Amino acid sequence: MIESTYPHAPASASASADARLGPATAELLQSVVNVARAIFAAEAGSILLLDRATDELVFRAVSGQGQDFLVGRRFPAGQGIAGWVAASGEPLIVDDLRRNTAFDRLLAESTRYVPDALMAAPLIHGAEVLGVLEVLDPAPAARASLPELDLLSLFARQAATALQVAVSGCPGCAADGRDDPAADKRQEVARLLSDARRLLDDL
Amino acid sequence: MTTAATTASRGLTWGLRGRTPADLPVHADVGPPPAPPTPSGTSAAGVAGLVGGTGRGVRVCVVDSGVEGEHPGVGPVDGSWAVVKDEAGVRVTESAAADSCGHGTACAGIIRRIAPDCELHSVRVLGERFSGSGEMLLTGLRWAVEQGFDVVNLSLSTTKNRFAEELHALADAAYFGRTVIVASAHNAQVESFPWRFASVISVGSHQETDPDLYLYNPQPPVEFFAHGQNVEVAWIGGTSIRTSGNSFATPFVAGMCARILSSHPRMTTFQLKSVLYLSAANVRVSDLPQQPSPREGTIP
């Protein structure tokens, strides 16, 4: 569940996470969607970040289908599958979407691409959801399976931590190492990598 | 056996001063027949008789993204409300039977399949707007408990610690008030609430294909596992899709609760949990010698 803005961001600067995304962060997000797409042999992948000022989700990186025109597109954060994932903080897999006329219409209007299957996981760091990582039309072997949902969730958490580090930098790092937020983040990254290795071993 | 408090005992809170057992009658429903023996011991499935209802007379509330009205996979929605947030604050108001994404409709359809004759109600806590979703979840759940619904399906949780204490108190109030909260464990290994509380029935997904199989977890806090992988569910637009997640295992157990309560309406929440435990496919009453618990032998 989302209540707060990006950590370390002053209230007046919380209107848009987009403004805080420099070239390096954009490259990071693009890398994340490229890897997510590769892991699941998917037709497309995308990252949507929350804009709290407008209650919208914004496409910030896209790989594959829609790459040319989706970045920057916005839609209401409380609606659709990505909206539910962002609001609930839960990952979700849905399949058989092409025979779902309601989904086709809504999605086609905004993205011009109608997937048959969609996996979505929150970009969650601590108790904060920063956005949503979506994978569209993963390979059939990677669909509708709980271990794959676990893998996507774990990868999304890793990406969220990296995003957090990229956006917030290391303001206020203590010289003596005490209460060092960067150290905490490095520790979390290490833990997530360890979790990912264990999960991949189990697959 | 199922029980119900009598009018005479309603004032009882802290002690039994001045009251005798005769002052505390508790009326119970007739229990199930003895369980038949099986090669591996006595099957706990003897409690199956307790699970035989259809949900008739039981009021179930889905706290989620709303439920689409007149969906062929859901049937009648007996009441639709929504949590709204405006200048006046956060409040619950009557609304159209609509769903902002399909998730609540999916949960309602599963409950309808398991307990076809139950009353289905919806309170939408997601979809109005994004901000303040934890507050809206708490408001919607509190409202459902105050309305006295028999079963509340909550395929949601919050990761916000600041809501934990209030949710805990609410879950306990529901438990004693005989509103059963059936709550999804988080899909990821994330700390969230209220599924962590013992006063709710928490549910995760198993990976089996049998849609009616449910299991008890010998190592809680997630207490039960039900079908949550590749589940065919109702979705918006009168359609259906396949999906996976704890969200869709939870309404199966909520539906089971409705069935049990429809045949044994005086059952308390702790009895309900016992019936689910005893009727889980992996629970057997065996003749194996009991292992001493770590605390045994310490009392003279």
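The values are calculated or read from the model by the stated rules, or taken from the named source; none is laboratory data. Not measured: the values here are computed from a predicted model. A quick note on method: Cβ atoms are made from the backbone with ideal geometry, for glycine too, and the neighbour counts reach across all protein chains shown.
Taking residue B:140, is it on the phi > 0 side of the Ramachandran plot and at pLDDT 90 or above? First the steps, then the outcome.
On the way: on the phi > 0 side of the Ramachandran plot: no; at pLDDT 90 or above: yes.
It is false that residue B:140 is on the phi > 0 side of the Ramachandran plot and at pLDDT 90 or above.
Of the numbered conditions (1) at the interface with chain A (Cβ under 10 Å from one of its Cβ atoms); (2) surrounded by fewer than 24 Cβ atoms within 10 Å (Cβ to Cβ); (3) under 29 Å from residue B:75 (Cβ atoms), residue B:133 fails exactly one; give the number of that condition.
The number of the failed condition is (2).
Against the definition (surrounded by fewer than 24 Cβ atoms within 10 Å (Cβ to Cβ), under 27 Å from residue B:238 (Cβ atoms) and at pLDDT 85 or above), how does residue A:150 come out, yes or no? Before you say what the answer is, go through the steps one by one.
On the way: surrounded by fewer than 24 Cβ atoms within 10 Å (Cβ to Cβ): yes; under 27 Å from residue B:238 (Cβ atoms): no; at pLDDT 85 or above: yes.
So residue A:150 does not fit the description; no.
Might you check whether a residue that is touching a residue at least 40 places away in the same chain (Cβ under 8 Å) and over 22 Å from residue A:93 (Cα atoms) occurs anywhere in segment B:91-103? First the steps, then the outcome.
Here is the first cut: in segment B:91-103, the residues touching a residue at least 40 places away in the same chain (Cβ under 8 Å) are B:91-92, B:99, B:101-103.
Adding the requirement that they be over 22 Å from residue A:93 (Cα atoms) leaves B:91-92.
Among the residues of segment B:91-103, at least one is touching a residue at least 40 places away in the same chain (Cβ under 8 Å) and over 22 Å from residue A:93 (Cα atoms), which makes the answer yes.
Which number in (1) facing chain B (nearest Cβ under 8 Å); (2) outside any strand (DSSP E or B); (3) at pLDDT 85 or above; (4) under 18 Å from residue A:59 (Cα atoms) marks the one condition that residue A:121 misses?
Tallying (1) facing chain B (nearest Cβ under 8 Å); (2) outside any strand (DSSP E or B); (3) at pLDDT 85 or above; (4) under 18 Å from residue A:59 (Cα atoms), residue A:121 fails exactly one: (2).
Residue by residue through segment A:61-78, note down the ones that are touching a residue at least 24 places away in the same chain (Cβ under 8 Å) and facing chain B (nearest Cβ under 9 Å).
Initial filter on segment A:61-78 (touching a residue at least 24 places away in the same chain (Cβ under 8 Å)): A:61-66, A:69-70, A:73, A:75, A:77.
Once the filter is applied, which keeps residues that are touching a residue at least 24 places away in the same chain (Cβ under 8 Å) and facing chain B (nearest Cβ under 9 Å), segment A:61-78 yields only A:77.
Can you list the strands (runs of 3 or more DSSP E) lying wholly within segment B:138-235 that have 1 or more residues being touching a Lys or Arg at 6+ places or on another chain (Cβ under 8 Å)?
Numbers: elements: B:151-154, B:180-184, B:201-206, B:224-227, B:231-235.
So the answer is B:151-154, B:201-206, B:231-235.
For (1) within 14 Å of chain A (Cβ to nearest Cβ); (2) surrounded by fewer than 24 Cβ atoms within 10 Å (Cβ to Cβ), each residue gets a yes or a no:
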residue	(1), (2)
B:101	yes, no
B:124	yes, no
B:127	yes, no
B:142	no, yes
B:161	yes, yes
B:165	no, yes
